[in-house]
Amino acid sequence: KDPIVSLGLLLDANQIPIGMKLFPGNESEKPILRDVIQGLKKKNQIAGKTIHVADKGLNCTQNIAFSKENGDGYLFSKSVKTLPEKEKKWVLLDNEDWKEIKNDEGALLYKYKSCIDKFPYRIEIDGKKKTIYFTEKRVVTYNPKLASKKKYEINRQVEKAKKLCYSQAKRSEYGDLGKYVNFTDENGEKAKATINEDIIKKELELAGYNLLITSETDMKSIDIYNTYHNLWRIEESFRIMKSDLDARPVFLQKENSIKGHFLICYLTVLLERIFQFKVLDNKYSTQEII
């Protein structure tokens, strides 16, 4: 079942929690980013510019426009698969712009390249959809280890889709695997299923590539990469809540009791992070501390 409550967590540049917000589990999380930041700034009388860093789940035109309107900045990831063909060609272009990061043995860890340009966004203004342009720096990265993992997952899904095709499964049985299949109706009879080789080829081509977009055009590409990848601290914070603090499941019904439960979990993570960074100077992992 879907969770009846979701938790939005806000961290500062040192990955220390500075805000949280509970919201119904059946609501979109995208507006929550705006609510949490607005509330935090107002409550703590924060002036000046802040940079909103989030994954593609919170990347939407409204959040980008919100950042710009409030004099703030943003750094989001963006799905490479949803890019226009022109931008996909740039992502896949093997030219001298790529900068490689290797380990001590000389093996490629990842490579990246960047560009600065104006990019179109569709937004509703006065009830009408309009196209506006934001100047952004975009950093595309390629990780060979991630590419191998993604290709393995794609090929495994394709094999499942093929088995369904061979067994003449119903269209409803394919689920998410349907994206790898063409369904053709024959004179109103049962749809014929065939593997969509074009889709598979495109997904395999893009395996291992990630795209970061930011308003901070003066920021170094490597700093953009490192800043974004600090988001793993948020994921770690949620893992701490779930596994070590038993944040879920919540055996409570009253709203105030549920809020109190999550507040205790939040404060525990906050104290652990302060101890980790301010006292131990980040020399020990969370698991070692706990």
TODO: Considering only the stretch 134-157, state which residues are surrounded by 15 or more Cβ atoms within 10 Å (Cβ to Cβ) and either within 30 Å of K68 (Cα to Cα) or touching a strand residue (DSSP E or B) at 6+ places or on another chain (Cβ under 7 Å) (or both).
DONE: F134, E136, K137, R138, V139, V140, T141, Y142, N143
- [ ] Report the residue count in the stretch 67-95 for those that are assigned to a helix (DSSP H, G or I) and under 17 Å from T135 (Cβ atoms).
- [x] 5
Task: Matching residues in the stretch 76-99 - criterion: being touching a Phe, Trp or Tyr at 6+ places or on another chain (Cβ under 8 Å) and over 30 Å from L33 (Cα atoms) - done: L92, W98, K99
Open item on the list: Against the condition surrounded by 12 or more Cβ atoms within 10 Å (Cβ to Cβ), within 21 Å of the chain's Cα centre (by Cα), in contact (Cβ under 8 Å) with a residue 12 or more places away in the chain and more than 18 Å from S221 (Cα to Cα), how does Y112 come out, does it pass?
Closed with: no
- [ ] Would you tally the residues in the stretch 162-178 being closer than 11 Å to I195 by Cβ and surrounded by 13 or more Cβ atoms within 10 Å (Cβ to Cβ)?
- [x] 4
- [ ] State which residue is nearest to D72 (Cα to Cα) when the search covers only the stretch 129-181 and only residues that are in contact with a Phe, Trp or Tyr (Cβ under 7 Å, 6 or more places away or on another chain) and of a type in the set (F, W, Y).
- [x] F134
TODO: For residues that are under 20 Å from G208 (Cβ atoms), in contact with a helix residue (DSSP H, G or I) (Cβ under 9 Å, 6 or more places away or on another chain) and of a type in the set (F, W, Y), tally how many sit in the stretch 73-122.
DONE: 3
Open item on the list: Take the conditions modelled with pLDDT of 75 or more and not in a loop (DSSP other than H, G, I, E, B) and apply them to Q15. Does it pass?
Closed with: no
Open item on the list: Pull out all pairs, ordered by first then second residue, where Cβ-Cβ is under 9 Å, the residues are six or more apart or on different chains, the first lies in the stretch 214-230 and is touching a residue at least 24 places away in the same chain (Cβ under 8 Å) and under 21 Å from N63 (Cβ atoms), and the second is of a type in the set (K, R) and surrounded by 13 or more Cβ atoms within 10 Å (Cβ to Cβ).
Closed with: T214/K137; T214/R138; S215/K68; S215/K137; E216/K137; T217/K137; M219/K137; I224/K137
Task: Residue among E85, E69 that alone is over 21 Å from E205 (Cα atoms) and either surrounded by 17 or more Cβ atoms within 10 Å (Cβ to Cβ) or of a type in the set (D, E, K, R) (or both) - done: E69
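The values are calculated or read from the model by the stated rules, or taken from the named source; none is laboratory data. Predicted model only: the values in this text are computed from it and were never measured. Note: ideal-geometry Cβ built from the backbone for every residue, glycine included; neighbour counts use all protein chains shown.
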